[in-house]
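The values are calculated or read from the model by the stated rules, or taken from the named source; none is laboratory data. This one's a predicted model, so the numbers in the text were calculated from it and none came from an experiment. Cβ coordinates were reconstructed from backbone atoms using ideal geometry, including for glycine residues, and neighbour counts include every protein chain displayed.
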C-alpha cells in the first residue's frame, strides 16, 4: 500500500510511534509518505521506501498565527493525488484529523476518495481536546474519520465518555521493535558502556520524557535523591522541555547535581536504556507509557504511577511497581528495596523482557494496523 502519515515530528510519544510505524511498514514493502512541517527526528538514515514532504506555512503579516492546519490539508491532498496514496494515517487528533478531513473533501470534489485513519494518543483527548474551543471540532473529526484507533483501552473509554463518541474505536497498543530495543547480552560490553555514567558499584536509574509538567520530572529527581542517600547510584535524564530548569535547580539545591546526567534529547535511546537498572516514570498521566515499554524490552523494569493506561502495560509486582501520583517516598523506598534485592530485580528484568516480546513486539502489533488499513481500503472499493 501507499500510505501517508502525519504526526508531530518533535519528541513525544505520538511522533515516536508514528515514525516507528512508518519505518516498520516500509521494511515490509509498503510505500510511506510522511507529511509534516519538518522531518520526524527518528527518520535519520532510514529512507528506503520512505518519503518526506514538508508543509510550507505562509508567514504573511496578516496572519498573527500561521494557519498550519490549512497548509497541511492542502499538502495532504497534493501528495495523495500525485503519489496515488491509498490512505492517510494521522496521529494526534489536533489538528491532524481536521486537516485530513479537509483533504478528503478536497479530493472528493475532484472525484477521488481518500480514506483516513485517526490514532488517538493521549493529551489530544485528555487535555487539549477537552478545551471548549477545540472539543466540538475534535469530536466532529473523530466521528467523520474512516477509522479510529486508540493506544489503550483507557483512552478508548475516555474518548467515548468525554466526547460522546458513538462510533467504534479499535484499540491497537503502542509497540516496540524487540530487535532494536534489546538488552546487551555481553556483560563485559554492558559494564564497559555503563562506565560513561557510573562506577561498577553504582546503580543507574533512568528517566525518559519531554519534560512537560505532566511527566513530573521533578519527582524523578526527588525519588533519586532518596535512593542516592541509601546506596551508590546515578540518575540519567534523557529528554528536554519546560521543566528541565526546575529539575536542574532542585538537583543543585539537594546537592546531587554531580550524580545526575542531563543528556538532553537523544536519538538512539535504545543504546542508553539497556545500561539502566530501573526506569522512573512518575507521570501525572500516561495514556500508555511508551518509555516504560521501551525500557521493558531492554530488560529494565519501571517504578511508575498507577494512572491512565499504565496498568495495561505494567503488571504491578512482575514487570514494574505502581504507586499513586506524587508518592515520592513510597516510590523511592520501593526502588531502594528492589535495587538491593538482586534476585528479585533479575526476575523482574526477565519478566519485563518476555512481556514486551509476547504482547507488544512490532511483529505482533503491526499486522493489526495492516489489517485495519486493508479493511478500510476494501470498504472503499465496494462503495
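Please determine whether any residue of the stretch 27-34 is more than 30 Å from residue 293 (Cα to Cα), touching a strand residue (DSSP E or B) at 6+ places or on another chain (Cβ under 9 Å) and buried (at least 16 other Cβ atoms within 10 Å of the Cβ).
No; the residues of the stretch 27-34 include none that is more than 30 Å from residue 293 (Cα to Cα), touching a strand residue (DSSP E or B) at 6+ places or on another chain (Cβ under 9 Å) and buried (at least 16 other Cβ atoms within 10 Å of the Cβ).
Inspect the stretch 246-264 for any residue being assigned to a loop (DSSP other than H, G, I, E, B) and in contact (Cβ under 8 Å) with a residue 60 or more places away in the chain and give the result as yes or no.
For the stretch 246-264, residues assigned to a loop (DSSP other than H, G, I, E, B) and in contact (Cβ under 8 Å) with a residue 60 or more places away in the chain: absent.
Out of all the residues in the stretch 190-232, which are over 13 Å from residue 335 (Cα atoms) and assigned to a strand (DSSP E or B)?
207, 208
Conditions (1) farther than 30 Å from residue 357 by Cα; (2) in contact with a strand residue (DSSP E or B) (Cβ under 6 Å, 6 or more places away or on another chain), marked per residue:
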| position | (1), (2) |
| --- | --- |
| 133 | yes, no |
| 140 | yes, no |
| 147 | no, yes |
| 154 | no, no |
| 158 | no, no |
| 162 | yes, no |
| 178 | no, yes |
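Hey, any hits in the stretch 70-81 for a residue that's touching a helix residue (DSSP H, G or I) at 6+ places or on another chain (Cβ under 8 Å), within 30 Å of residue 308 (Cα to Cα) and assigned by TED's automatic domain parsing to the domain that holds residue 377?
No, because not a single residue in the stretch 70-81 is touching a helix residue (DSSP H, G or I) at 6+ places or on another chain (Cβ under 8 Å), within 30 Å of residue 308 (Cα to Cα) and assigned by TED's automatic domain parsing to the domain that holds residue 377.
Which numbered condition trips up residue 278, out of (1) surrounded by fewer than 24 Cβ atoms within 10 Å (Cβ to Cβ); (2) under 30 Å from residue 188 (Cβ atoms)?
All conditions pass for residue 278, except number (1).
Taking residue 60, is it more than 23 Å from residue 149 (Cα to Cα) and in contact with a helix residue (DSSP H, G or I) (Cβ under 9 Å, 6 or more places away or on another chain)?
When the stated conditions are applied, residue 60 does not pass them.
Residues that are closer than 27 Å to residue 360 by Cβ, in contact (Cβ under 8 Å) with a residue 40 or more places away in the chain and touching a strand residue (DSSP E or B) at 6+ places or on another chain (Cβ under 6 Å): does the stretch 64-85 have at least one?
Looking through the stretch 64-85, none of the residues is closer than 27 Å to residue 360 by Cβ, in contact (Cβ under 8 Å) with a residue 40 or more places away in the chain and touching a strand residue (DSSP E or B) at 6+ places or on another chain (Cβ under 6 Å).
Got a number for residues in the stretch 321-349 being surrounded by 14 or more Cβ atoms within 10 Å (Cβ to Cβ) and in a helix (DSSP H, G or I)?
Matching residues across the stretch 321-349 total 14.
When you go through 347, 334 one by one, which is the residue that is free of Cβ contacts under 8 Å to residues at least 40 places away in the same chain and touching a strand residue (DSSP E or B) at 6+ places or on another chain (Cβ under 9 Å)?
Step by step, each of 347, 334 is checked, and only 334 is free of Cβ contacts under 8 Å to residues at least 40 places away in the same chain and touching a strand residue (DSSP E or B) at 6+ places or on another chain (Cβ under 9 Å).
If you scan the stretch 266-289, which residues turn out to be assigned to a loop (DSSP other than H, G, I, E, B) and either in contact with a helix residue (DSSP H, G or I) (Cβ under 8 Å, 6 or more places away or on another chain) or not assigned by TED's automatic domain parsing to the domain that holds residue 233 (or both)?
Across the stretch 266-289, the qualifying residues are 267, 276, 277, 282, 283, 284, 285, 286, 287, 288, 289.
Inside the stretch 96-119, can you point out the residues that are out of contact with any strand residue (DSSP E or B) (no Cβ under 9 Å at 6 or more places or on another chain) and surrounded by 24 or more Cβ atoms within 10 Å (Cβ to Cβ)?
Hits for the stretch 96-119: nothing passes.
Is it true that residue 133 is in the same structural domain as residue 372 (by TED's automatic domain parsing), on the phi < 0 side of the Ramachandran plot and either touching a residue at least 60 places away in the same chain (Cβ under 8 Å) or assigned to a loop (DSSP other than H, G, I, E, B) (or both)?
yes
Name the residues in the stretch 2-16 that are touching a strand residue (DSSP E or B) at 6+ places or on another chain (Cβ under 7 Å) and either assigned to a helix (DSSP H, G or I) or free of Cβ contacts under 8 Å to residues at least 12 places away in the same chain (or both), would you?
14 - this is the single residue of the stretch 2-16 that is touching a strand residue (DSSP E or B) at 6+ places or on another chain (Cβ under 7 Å) and either assigned to a helix (DSSP H, G or I) or free of Cβ contacts under 8 Å to residues at least 12 places away in the same chain (or both).
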